[in-house]
Amino acid sequence: MTRSWSLQRRLVIQLSILALLLAVALFLAVRWIAAIAANVNQDGLLGASAISISEQLELVDGKPFVDMPYSALSILATYGEHRIFYAVRAADGGLITGYDEVQPYDGKMDLDTPEYFTTEVMGLEVRATTITKRLLGENASEVTVTVTQTREEYAQIRDNLALAAAVVGAGFLFLAGLLGFPVVRSALKPLTILGESLAKRDASNFRPLDQEVPSELRPFVKSLNDFIERLRSTLTTSENFITEAAHRIRTPLAVLSAEAELAGRDTDLATMRQRIGKIRRTAAATSRITSQLLSQAMIAYRANQRARETVVLSDIVAMALRDTDAAADARTIDFVVDVPRDLTFEGDGIAMLEALRNLLDNAVKYAPEGSEVLVSAKYGDEGRVCIQVDDAGPGIPASDRDRVVRRFERGADGPAVDGTGLGLSIVREVAQNHGGTLVLETSSQGGLAACLSVPSGGSRGIPS
């Protein structure tokens, strides 16, 4: 058995990886939210500062003048070591006061409405706001006030918040992992119980498992029960085959041995020839019964294997006719075949070939010499395929038809013809394995009409 990691270890490792990914996702999410919050906070302070400065603007001798309020810049210095840059510019862009490196917002603006943006001043990334103020008077003009503040402190706040959230989240996830370990063991306990239940079973116990299991394990238990049933069926088939073979073959072999020994002692040539003839007939009968028993065992085995394929019926019929052609020629019997080339069904082609061989063999053995055996096939009702073999033999009385399809049962004319009593039972078993039926009726020639009907789809009616 290939060794592999336990389900418990796999779950723990997979959950740990998931926890790590969640911690990383939490860090990125909090960092993003903190950045938005930091921008909102910084923009609020920048806007308040710019508005405070703009309110101090006035015209002096027709020129813009501002008395910089201390409070306007102190608003921005309430936390950390920020660097603050500002510029007040006239309508023509000329600097009234502040830093010439500070440029105003270059987009469309509304009066008295701050616009926020990120830029660089003296090689430093800054958050900035620009507000436009109209000064009324003899020489009315518009003045822009731009205030900027470096972002390092806010970025540090953002990163610290994100890291703290990630650490707390990872801690909770780690704690959840520790607490989840016994939960995983408890969730997997039904598997352990199921394994112990199977280990306690003896080799002869083929009863299905009927213990309560979680819904996730029900398909597994159902498949296991199906496997147990197939195994039981296979072993039963093997036991039946061994029993039947021992019973049916032991007596002919004993006869062969006794007749061969007596023939060896016999000095009379005529008597010796009689014994040799009996040996030959007994050997042929033993060969037939052995072949039929092996065929039936093969049919039962393939039924358990559930072999299914698309079968072209005309190909199967052609092979079955080739296998019985020599016996038909010996009795000058002709086959009349009417099987459409496009007739197909889903099933076991090998099993169906064995069934057709038995039907044709029966027809050839019981039909009068020089007669015809009709082989036909067609689509029947409800999507079924019907294969029929008609002969001109004595047929089977209606009262015997249910009996002759059982193993080792033969009709009233059976003793006059060599046979084993297994042919029709094999045909019926093949039909049942395909979810079909075998119907015996009187043929148009007065003999037996054997109709084998199976679903063309193959899935309906197939035993599970």
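Before moving on, here are some points about what is shown:
- Top-ranked residue of the range 19-71 - restricted to ones that are part of a helix (DSSP H, G or I) and of a type in the set (Phe, Trp, Tyr), ranked as surrounded by the most Cβ atoms within 10 Å (Cβ to Cβ): 27
- Candidate set from the range 295-322 (those that are open to solvent by 60 Å² or more (accessible area, probe 1.4 Å) and touching a residue at least 40 places away in the same chain (Cβ under 8 Å)); member that is farthest from residue 234 (Cα to Cα): 309
- Unmet criterion (only one of (1) surrounded by 12 or more Cβ atoms within 10 Å (Cβ to Cβ); (2) within 60 Å of the chain's Cα centre (by Cα)) for residue 107: (1)
- For the residues 179, 124, 173, 161, the requirement of being surrounded by 12 or more Cβ atoms within 10 Å (Cβ to Cβ), modelled with pLDDT under 75 and out of contact with any Pro (no Cβ under 6 Å at 6 or more places or on another chain) singles out 173.
- Residue check, residue 330 under 28 Å from residue 364 (Cβ atoms) and at pLDDT below 75: no
- Residues of the range 89-123 satisfying the condition of being closer than 14 Å to residue 133 by Cβ and either in contact (Cβ under 8 Å) with a residue 60 or more places away in the chain or assigned to a loop (DSSP other than H, G, I, E, B) (or both): 90, 91, 104, 105, 109, 110, 112, 113, 114
- Residue match in the range 20-39 (condition: closer than 11 Å to residue 166 by Cβ and of a type in the set (Phe, Trp, Tyr)): yes
- Filter result for residue 299 (under 30 Å from residue 229 (Cα atoms), in a helix (DSSP H, G or I) and touching a Lys or Arg at 6+ places or on another chain (Cβ under 6 Å)): no
- Residue-level check: of (1) modelled with pLDDT under 75; (2) over 30 Å from residue 31 (Cβ atoms), residue 76 misses just (2).
- Answer residue from the range 222-242, given it is at pLDDT 70 or above and open to solvent by 90 Å² or more (accessible area, probe 1.4 Å) and is farthest from residue 283 (Cα to Cα) among those: 222
- Filter result for residue 200 (among the basic types (Lys, Arg), exposed (fewer than 12 other Cβ atoms within 10 Å of the Cβ) and under 50 Å from the mean Cα position of the chain (by Cα)): yes
- Only one of 182, 219 that is in a helix (DSSP H, G or I) and within 28 Å of the chain's Cα centre (by Cα): 219
The values are calculated or read from the model by the stated rules, or taken from the named source; none is laboratory data. Nothing here was measured: the structure is a model prediction, and the numbers come from that model. We place every Cβ from the backbone using ideal geometry, glycine too, and count neighbours over all the protein chains shown. Remember, those area values only see protein heavy atoms, side chains included, never the ligands or the DNA or RNA. Shrake-Rupley method; radii C 1.70, N 1.55, O 1.52, S 1.80 Å.
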